[in-house]
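Quick notes on the structure that follows.
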Amino acid sequence: MAATTGNKELTRDLFNKIAPHYDFVNSLASFGRHHYWRRTLIELSGVFPGASVLDVCCGTGMITFELAQKTGCAGKVIGVDFAEGMLRFARGKRDYLRFRDRIELITADALDLPFADDTFDCAVIGYGLRNVTDLRRALLEIKRVLKPGGKLASLELAHPNPPVFKDIYYFYLNHWIPLLGKLFAGNRSAYLYLNKSVREYPHQRRITQIFEELGFLNTQCLELTWGIAAIHVGTKPMFNNIKG
Ligand SMILES: C[S@@+](CC[C@H](N)C(=O)[O-])C[C@H]1O[C@@H](n2cnc3c(N)ncnc32)[C@H](O)[C@@H]1O
């Protein structure tokens with residue numbers, strides 16, 4: 001879940017470096033909660049058997065592969081990420097999966113998706129919006145490639161609201177996550193960025209507004225685990241309601 005903000009090359013380098021330990025440190029740092037958060041994301045994504053689905057910033061493929069279990073033998077899931085190191089792990093895991101021939105993993109930039117307009121039934125982005133250098137552009141790109149009526153679901157770390165819990169959480173983020181990063185990934189600085197990126201990322205209420213400003217309809221925000229994470233969903237209108 002680590003990240004830099006503002007510099008594409010640094011972000012890509014960082015994820016290439018932490019790729020071998022990414023899944024393990026994620027599980028550890030979130031006390032396993034990320035499985036529940038991802039499952040909830042997939043439930044809210046609108047995925048169905050036979051759907052064509054895009055997973056943006058797919059990383060090591062954890063969400064991509066769960067989506068493929070839902071779309072089944074008649075569906076198609078495409079994961080895109082710009083860090084080859086992360087995709088290498090995703091490709092290694094894919095080889096052992098059911099429906100592996102229905103999963104494509106592509107090296108691409110979320111800010112310039114290599115797909116035609118109106119391609120996908122639904123799209124997800126897991127811990128990706130916080131890491132891209134231009135949040136609005138990423139959302140507009142996803143909206144462009146969704147079919148009219150298609151749904152986007154985004155899972156991201158957020159800002160907890162309960163006062164004492166919030167203090168404990170930020171203490172954990174500031175001190176323990178970098179330590180876990182050092183101990184288990186040999187990279188303290190990469191995990192220091194997590195704190196920075198979470199603090200700089202807009203509050204979940206603001207993200208809801210941004211979805212609406214960009215023309216997504218039926219926008220909803222679901223806070224998870226007292227607001228440590230949040231899922232935003234929105235639907236692409238049947239007719240273009242904003243120029244991107
Ligand atoms: C925190 S990881 C999330 C991976 C995965 N979605 C998950 O749930 O574990 C963020 C991913 O976003 C990717 N990323 C960041 N900016 C990107 C961009 N502009 N284009 C494509 N991928 C990007 C990184 O390479 C990294 O793999």
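Some notes on this structure:
- Members of the stretch 73-99 found to be in contact (Cβ under 8 Å) with a residue 12 or more places away in the chain and farther than 15 Å from Cys57 by Cα, listed by number: Cys73, Ala74, Gly75, Lys76, Lys93, Arg94, Leu97, Arg98, Phe99
- Restricting the stretch 12-61 to residues that are at positive phi and surrounded by fewer than 21 Cβ atoms within 10 Å (Cβ to Cβ), the residue that is farthest from the chain's Cα centre (by Cα): Gly50
- Of all residues in the stretch 47-72, those that are closer than 19 Å to His34 by Cβ have Cβ atoms under 6 Å from Cβ atoms of residues that are buried (at least 22 other Cβ atoms within 10 Å of the Cβ) and acidic (Asp, Glu), 6 or more apart or on another chain, in Cys57/Asp81; Cys58/Asp81; Gly59/Asp81; Ile63/Asp55; Thr64/Asp55.
- Residues located in the stretch 59-72, provided they are of a type in the set (Ser, Thr, Tyr) and more than 13 Å from the ligand (Cβ to nearest atom): Thr71
- Residue within the stretch 105-117 that is under 24 Å from Gly234 (Cα atoms), touching a residue at least 24 places away in the same chain (Cβ under 8 Å) and polar (S, T, N, Q) present: no
- Residues that are crowded, with 19+ Cβ neighbours inside 10 Å and farther than 14 Å from Ala158 by Cα within the stretch 190-213 comprise Ala190, Tyr191, Tyr193, Phe211, listed in sequence order.
- With respect to the conditions (1) near the ligand (Cβ under 10 Å from one of its atoms); (2) crowded, with 21+ Cβ neighbours inside 10 Å, Thr133 lacks only one, and its number is (2).
- Members of the stretch 145-179 that are over 23 Å from Leu14 (Cα atoms) and of a type in the set (S, T, N, Q): Asn161
Readers should treat all values here as calculations from the given coordinates under stated rules, not as data from a laboratory. Everything quoted here is computed from the prediction, not taken from an experiment. Every residue, glycine as well, gets a Cβ built from its backbone with ideal geometry; the counts of neighbours run over all protein chains shown.
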